[in-house]
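J.: Please see the structure below; I have some questions.
A short reminder: the numbers here are calculations on the coordinates, not readings from a lab. Treat the numbers as computed from the prediction; the structure is a model and nothing was measured. For neighbour counting, all protein chains shown are included, and Cβ atoms are generated from backbone atoms with ideal geometry for every residue, glycine included.
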Amino acid sequence: MNRKIFLAGASGVIGRQLGPLLVDADYEVFGTTRSEAKVAELEGAGVKPIVIDVFDAPALSLVMATVGARHRHSPAHGSAARPRSKNDGGGHRTQRADSQRRDAESRRGGPRAASARRLIAQSIAWAYVPGPQPYSENDPLEFDAEGTRGTSVRGIAMLERLRITSQPLEGVVLRYGQLYGPGTGNDQASGSAPLHVDAAAHAALLAVERGKAGVFNIAEDSGFVSIAKARRELGWDPGFRIQTERR
């Protein structure tokens with residue numbers, strides 16, 4: 001095996017779905033978790049567990065460098081696909097700017113230390129300036145929003161910029177909609193841009209295999225955001241579901 005993935009948050013909502021998909025695609029997956037209790041679950045999914053706090057930048061860089069050194073001539077990918085936020089009463093996700101800054105910086109340094117060639121990162125699909133819909137990836141984000149939404153949008157923009165400009169890494173940003181499905185706490189689609197967790201995980205797999213540097217809207221075709229780019233360049237289908245027997 002000569003293809004490796006470093007999956008941050010492998011025991012998280014998306015990570016639990018993404019890990020097995022990557023393993024089935026013949027990747028060697030190293031997945032992080034903060035909890036020793038999640039080690040057996042990851043091993044059962046074929047993921048090689050690493051217990052670490054991803055906000056500990058020096059430790060993360062060391063671990064990723066060690067993983068990369070095991071197969072020096074193999075391509076490596078850095079994948080960050082775990083949720084970092086939650087819904088507030090208004091339907092938006094709130095995120096602390098300081099946490100986002102630490103997250104962005106640590107995940108930029110780690111993949112570089114491991115000589116990774118691609119970094120997949122999660123963002124949100126409902127940060128656009130209000131205007132004609134559906135929103136495309138080229139539409140402006142609402143930097144001037146007030147309160148928690150403004151803090152969230154500015155933090156997300158910083159995260160995206162760091163991902164896309166971290167040469168020589170190929171930075172791919174997936175702007176996810178509001179998640180529903182197993183492990184999310186929401187059984188039914190809701191929000192302006194709903195997204196099943198299985199389809200979210202599959203988008204990350206496709207981004208690893210086919211994605212070019214840039215930003216992609218990843219949500220169901222509700223008319224809120226355009227997903228034409230993801231369909232065209234990734235071959236992504238929002239109707240993708242992991243078979244029941246895989247649960």
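J.: Can you give the extra length, in nm with one decimal, that the chain gains between Thr148 and Phe55 once fully stretched, where that is 0.36 nm per residue apart less the Cα-Cα distance?
T.: Value of the extension gain: 31.3 nm.
J.: Further question: Please list 7-18, 119-130 highest first by mean number of surrounding beta-carbon atoms within 10 Å per residue. Intermediate values should be presented prior to the final figure.
T.: Numbers: 7-18: 26.0, 119-130: 21.8.
Sorting 7-18, 119-130 by mean packing, highest first, produces 7-18, 119-130.
J.: To check my understanding: the extent here is largest minus smallest coordinate of the Cα atoms along each principal axis. What are those three numbers for the range 171-212, in Å, largest first?
T.: Between the extreme Cα coordinates on each principal axis of the range 171-212 lie 31, 19, 11 Å.
J.: I would also like to ask the following. Please report the base-10 log of the normalised intensity I(q)/I(0) for the range 182-245, using a Debye sum with one equal scatterer per alpha carbon and no solvent, at each q in 0.13, 0.16, 0.18, 0.24 (1/Å).
T.: Per q value, in the given order, log10 I(q)/I(0) is -0.35, -0.52, -0.65, -1.06.
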